[in-house]
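Student: Take a look at this one; I'll ask things after.
The values are calculated or read from the model by the stated rules, or taken from the named source; none is laboratory data. Every value quoted in this text rests on a predicted model; they were computed, and no experiment measured them. Cβ: placed from backbone, ideal geometry, glycine included. Neighbour counts: every protein chain shown. The area values use the complete protein model at the heavy-atom level, side chains included, leaving out ligands, DNA and RNA. Shrake-Rupley method; radii C 1.70, N 1.55, O 1.52, S 1.80 Å.
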Amino acid sequence: VFQSIVQNFSANETFGCLEECLEAAEAVTVQKYQLSTSVLRYRDIALPGFKGRITYNLSYLSEQERLVLATIAFAANYTGVGIKTTMGMGQGHMVLAR
């Protein structure tokens, strides 16, 4: 997820620290998830996908790396994740957990 967002922004060179962002994203682990499959109907085409919640563990990262990834996660609200974002797929929303 994080790598997809970084790649979206890397085309515009928005993040000057591309390598740092990708390295931090590789260290992220999934803590828990609740996902289900879903089908988006677009005209005569059925596009399979999933929806749900994913909680990522950032505790192994430095404070600076967490801030960078929080910025990237916030950008998911505007860029989408993965492919077919212009069709309404890949919507992401960051929720901060304590």
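Student: Looking only at the range 20-48, how many residues end up being within 15 Å of the chain's Cα centre (by Cα) and open to solvent by less than 100 Å² (accessible area, probe 1.4 Å)?
Tutor: 9
Student: Inspect the range 62-78 for any residue being touching a residue at least 12 places away in the same chain (Cβ under 8 Å), assigned to a strand (DSSP E or B) and open to solvent by 50 Å² or more (accessible area, probe 1.4 Å) and give the result as yes or no.
Tutor: Checked the range 62-78: no residue is touching a residue at least 12 places away in the same chain (Cβ under 8 Å), assigned to a strand (DSSP E or B) and open to solvent by 50 Å² or more (accessible area, probe 1.4 Å).
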